[in-house]
1. Give the peptides 381-389, 344-352, 458-466 in descending order of average Cβ contacts within 10 Å, highest first.
2. Let a ≥ b ≥ c be the square roots of the eigenvalues of the Cα gyration tensor of the range 304-563; is it rounded (a/c under 1.5), or, if not, prolate (a/b larger than b/c) or oblate?
3. Nearest 0.05, what FRET efficiency do Phe547 and Arg265 give at R0 = 45 Å with Cβ-Cβ as r?
4. Over all alpha-carbon pairs in the range 74-150, figure out the percentage whose distance exceeds 16 Å.
5. Taking R0 as 51 Å, what's the FRET efficiency between Lys282 and Asp89 from their Cβ-Cβ distance, rounded to 0.05?
6. Taking each pair of distinct Cα atoms in the range 295-443 once, what is the resulting Kirkwood hydrodynamic radius in Å?
7. Helix-derived [θ] at 222 nm for the chain: sum -39500 (n - 2.57) over DSSP H runs of at least 4, divide by residue count, nearest 500?
8. Calculate how steeply helix 53-63 sits against the longest principal axis of the alpha-carbon atoms of the chain, using the helix alpha-carbon long axis, and give the answer as 0 to 90 degrees to the nearest 10.
Amino acid sequence: MNKLQLAAVMVVAATTLGACSTLPNNTTPQVLHPYEDHDEEEPVITPDDSRSPDQLLRDFFSASALPTGNFSAARSFLNGEAADSWNPDGRMLVLDSIDLVTTDSGTDLRVFQAHGKLVGSVSTGGAYSPESANYEAEFTMHHNDGKWRITDLPAEVVIDRTELRNQYQAQSLYFFERTGEALASDRRWLSSNRESLDSELVTLLLQGPSDTLSPGTVSMIPAGASFVGYEGGAYRFAGMTSMDSEERRKFAAQLVWTLNNAGFRGPFEVIADGAPLVEGLKEMTIDDFSEFNPRDPASTVSDLYALYGGNLLDVTTEGTEPVPGATGNIQSADVSSQGAVAAVRKLDERNSQLFMGEIGAGLEESLSARTLSRPSFELAGDAAWTVVDGSRVVRVKLSEGQRITESEVDTSALDDIDGEISVLRLSSTGARVAMIINGGVYTGVVARSQDGEYRIASVREIYPDIGDSALALDWQQDGSLIVGTANTDSPIWRIEQDGSASTAMASGNVSAPVVALEVSPSAIYLTDSQAMLELPSADTEANQSSFWREVPGVQGRRSAPIVAN
């Protein structure tokens, strides 16, 4: 496999790249917006002719983050001809920061070279993609009639990461993963100053998932369906007569959870082709679709297990109990919320073997290899994935009667990435997969072909800046990742689902390396160089505490946490 050239230098000439924006506003949904709390006026950024040319150019970059009126604010910094011809369609480039160097100057002329580190891009529809490259482009300004204006520039929108955070908000759309049993989030960056956020979310929902998530989802919506608008207190749709009752209910779940988690509280009236979308539900709330809640409440307590001394232990506040059949030379394990166990046992110095079964029913032998990564269960809890010898990914399914079948997962999307897969974790919905490869953090989407074969698609290094120090990771319910590293200064990181940001987490008494990590709805558990520790989720969200406490029941024993999610 060849080394993936993620850090390649990308010199962007003024005439080579297509124009871009997060959400082009050439087409506006035909809606009436009912929520006054989202009615905000967009900030006004116009040229201040008392400012120097370089200051005006920086103001132009700030104005470029305002997409309304086909980027009318940014166009006000261009001279007439450039304003008419500038066509920023496509993706928006996000730089860590923008540096300017004057390369030519005269009485009425300034030529600036803008350069910086490209950290990501935002496509039409607001989907963010992490990138790592160098950016360079030329901007020319002329002085005429007492005003400095831009006369030549690239056909693209370029902003820095600060403007992305200032002018846009991350929202989640929800789509059903491939089995149709759970909602997977699809993070989008939308302008903070929209007057019709709910209508924009609904419009995007009908357009479908991002290119990244699409291979791992199933659509309930017919091709001809459309959002008519918000009118008479109801969201109105057309072209849905072909949908059966189950498809209608699932689309309603997508809609209600998308709106609710964006801050719009029901009840919602939804009309499709002149009648209620879901028969018998004139108005809908999240309570009508509670089984599809994409985030379990923080009060949800998942069963906790620990791996210590080669044995899998059931952990309670009073102590621990060995899990029957999962004792002796166990290297790693996973437990599903349905009560299945997948455990890797060390046979000798050169061989490991996977065992699988239900708690209390014994464990059956499965595949063996030189190395097997810690197993990771799918949503249904009857199949787990493991990495064989650092490269092959195998799906192991437990059927009735403790019968085990094995099938290889297509990992051709990883062929250009050099290194072994040391960690693989499926998300709680089973729609995504996270991997550590040579210490870097990668994500992909779980796709399934019509003949039932599984493959990993849409692979990308989610946050290259974290380097090669990652040792452990797990998914949070909002789609973000918690990553344990060997970094002594910042051993724990949170990486957003789309790679748009990372945050060093509170780690006051955590000693690197963090070699194991698990997330439950109520807490984060980890194993550092000393012990097995926990931090309640409420503390991480409110930044209330940096103190991790030893887990009751395993104090004094450096154990690896396992959560049955």
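1. 381-389, 458-466, 344-352
2. Oblate is the answer for the range 304-563, as a/c is 1.5 or above yet b/c matches or exceeds a/b.
3. Computed FRET efficiency for Phe547 and Arg265 comes out at 0.80.
4. 62 percent
5. 0.80
6. 16.0 Å is the Kirkwood radius here.
7. -3500 deg cm²/dmol
8. 50 degrees
None of the figures in this text is laboratory data; all of them are computed from the coordinates on show. Worth saying up front: this structure is predicted, and the values here are computed from it rather than measured. Don't worry about glycine lacking a Cβ; one is built from the backbone with ideal geometry, like all the others, and counts go over all protein chains shown.
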